[in-house]
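Okay, so here's the structure we're looking at.
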Amino acid sequence: MDVVADTNIFLAVALNESHKQKIIEITANSTAIAPEVLPYEIGNALSAMVKRNRISSAEALEALNYANSIPVRLVEVDIASSLNLALENNMYSYDAYFLHSAQSLSYPLLTLDVRLRKIAVSLNINVLEI
């Protein structure tokens, strides 16, 4: 099964967060799909965590290496369609990239973001429960 995985899924696994085992179980026989912006989002999230003193620089670099080792198929982003989706749902385009990918590919979405999950459900996107 293919699944569109949000950035927070990769971060939860790379940072050994509480949802890690459940995420691994859900995706064990799946192909992870993500918009091509994923590596940039991971880098941005890790630098923000360092800036907020949630993790050290060394931990950020280690997490990046771990995240980069997770197999994922990156897909092209339709920026115009994603922007429309973002504007219609009062959300950031970066989040809309994941929704649009799941919607256009007809794949379920895996996210830890409660608001993103609610919007996905309202758009009739199948959301996998963690």
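Applied to the stretch 80-92, the Karplus parametrisation 6.51 cos²θ - 1.76 cosθ + 1.60 on θ = phi - 60° returns per-residue 3J(HN,Hα) values of 4, 5, 5, 5, 4, 4, 5, 5, 5, 10, 6, 9, 6 Hz, with x for Gly and Pro. Whole-Hz Karplus values for the stretch 122-129 come out as 5, 9, 6, 8, 5, 10, 7, 8 Hz, taken residue by residue from phi with 6.51 cos²θ - 1.76 cosθ + 1.60 and θ = phi - 60°; glycine and proline positions read x. Bridging of K118 to aspartates and glutamates at a Cα separation below 20 Å is possible for D6, E88, D95, E129, once same-chain residues fewer than 8 apart are set aside.
In deg cm²/dmol, rounded to 500, what helix-only [θ] at 222 nm does the chain give when every DSSP H run of at least 4 residues adds -39500 (n - 2.57) and the total is split over its residues? Write out the running numbers ahead of the final one.
Values: 7 runs with 75 residues, N = 130.
The helix-only estimate for the chain comes to -17500 deg cm²/dmol at 222 nm.
As a calculated quantity, the FRET efficiency between S69 and L123 at R0 = 25 Å, using C-beta atoms, amounts to about 0.20. The HN-Hα couplings worked out from phi for the stretch 35-42 by the Karplus form 6.51 cos²θ - 1.76 cosθ + 1.60 (θ = phi - 60°) are x, 4, 7, 3, x, 5, 5, 4 Hz, whole numbers, x standing for Gly and Pro. Between the amide H of I33 and those of V3, V4, A5, R73, distances stay under 5 Å, these residues lying 5 or more places away or on another chain, with hydrogens modeled in the peptide plane. The label point for S56 and the one for Q21, both projected 7 Å from the Cα toward the Cβ, are 2.7 nm apart.
In what sequence, highest mean first, do 32-45, 110-123 appear when ranked by Cβ atoms within 10 angstrom? Don't jump to the answer; show the numbers that get you there.
Details: 32-45: 18.6, 110-123: 16.9.
Per-residue Cβ counts within 10 Å, averaged per peptide and sorted highest first, yield 32-45, 110-123.
Any read-out appearing in this document is the output of simple, stated calculations on the displayed coordinates, not a laboratory observation. Source: prediction; values computed, not measured. Please note: Cβ atoms are built from the backbone with ideal geometry, for glycine as well, and neighbour counts cover all protein chains shown.
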